[in-house]
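The values are calculated or read from the model by the stated rules, or taken from the named source; none is laboratory data. These figures come from a predicted structure and were not determined experimentally. Using ideal geometry, Cβ is built from the backbone for each residue, glycine included, and neighbour counts are taken over all protein chains shown. Keep in mind that these areas ignore ligands, DNA and RNA; they rest on the heavy atoms of the full protein, side chains included. Shrake-Rupley method; radii C 1.70, N 1.55, O 1.52, S 1.80 Å.
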Amino acid sequence: MVSANSVRHVACIMDGNGRWAMTRGLERIHGHLASMPALEAVVDAALAEGVPWLTLFAFSTEKWSRPAGEVGFLMSTLANRIIDTSLSRFHAKGVRVRMLGAMEGCLSDDMAAKIQHAEEITRDNDGLNLTMAVGYGGRDAIVHAARALAAAGIPPDDITAEVFARHLQDPDLPDVDLLIRSGGEQRLSNFLLWHCAHAELVFLDVLWPDFRAEHFQHALRIYHQRQHRFDNIAVTPTAPTGGGAIVPRVITLPGIMALHLTNGLLGTVRGTMRAAATHLTTTPPPPPDTPPH
Ligand code: IPE
Ligand code: IPE
Ligand code: MG
């Protein structure tokens, strides 16, 4: 198990289903079908690693413009299969399921009722908060919050980032610590724009149907390595005191100024060395018969 104690929220852009199918000479929908084990694997991995929030990008606002057959398959056949087969397993594992996105008018009544049922029966679970982003777009989400603020008549001067966040569709959704995208593309594709402000981004080459727990753990390890490097810059440990605990020392303003001065000094020294090196390489060598001095 990779320590996930500082990772509160992992978000995942599940990408690469179509390519997975095409490389096998299959229609794209077979890639979507083949992605169900990956969905179970990522949920199990988050549970095993003790990550409390997991958000999965299942269907973007942009995907509405895909061929109707593929959209219908994703929003009906696949969604039904997930709810019918995976929901009871998630529920038994203590997963709380929520939906994020604008699905009104895009789902059959039957599907809307199933989703509502899934949210209701898992409401009291506290093992993992699983959010499925369906019909979701990061910009739409921000526009939605702006409209909610305007509708509530909040004076402009009272709108802070915290107030703004409280008007997002799910105000409980924390900032993303780690964003994983499968499929090799390195884009956000309009996902959780607000929440990813400080997220570590990890792009993996694996196509989503092949995604398993080890990919999740790998991404967590990258996250921890980056945090460790960052901590080493921002925080320097002091010598153990009394009980031997290491107390982190945050660099203070005078410390930063001293660092800048040192860097400036080093820059000057480096500049002098560079000038000397340039001079030496551009100065023609002495004639061969000149004795060395
Ligand atoms: C996205 O994979 C999978 C989901 C719908 C969750 P794509 O359908 O975008 O597959 P590629 O990127 O074309 O391979
Ligand atoms: C990726 O979708 C986002 C989802 C998994 C829903 P796309 O694969 O359609 O995104 P782009 O078009 O490559 O940016
Ligand atoms: Mg894609």
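If you take every residue apart from Met36 with its C-beta less than 14 Å away from the C-beta of Met36, what net charge results, scoring Lys and Arg +1 and Asp and Glu -1?
Its environment carries a net charge of -1.
Tell me the carbon and sulfur percent of the accessible area for the stretch 22-93, rounded to whole percent, probe radius 1.4 Å.
61 percent
Scale the Cα Rg of the stretch 133-213 by the rule-of-thumb value 2.2 N^0.38 Å and send over the ratio, two decimals.
Normalised Cα radius of gyration, the stretch 133-213: 1.31.
Taking the Cα centre of the stretch 21-95 as the origin, how large is its charge dipole in debye, to the nearest 20, when only Lys and Arg (+1) and Asp and Glu (-1) carry charge on their Cβ atoms?
It comes to approximately 120 debye.
Rule-of-thumb check for the stretch 33-125: C-alpha Rg over 2.2 N^0.38 Å?
Taking N as the residue count of the stretch 33-125, the ratio is 1.10.
Over the Cα atoms of the stretch 89-185, Rg to Rh with Kirkwood Rh, two decimal places?
1.02
Which one, Pro209, Ile159, His198, projects farthest toward the positive side of the charge dipole computed for the stretch 132-228 from Cβ point charges (K/R +1, D/E -1)?
Checked the options; the winner is Pro209.
Hey, if we sort Asp172, Asp126 by accessible area with the 1.4 Å probe, largest down, what's the order?
Result of the area sort, largest leading: Asp126, Asp172.
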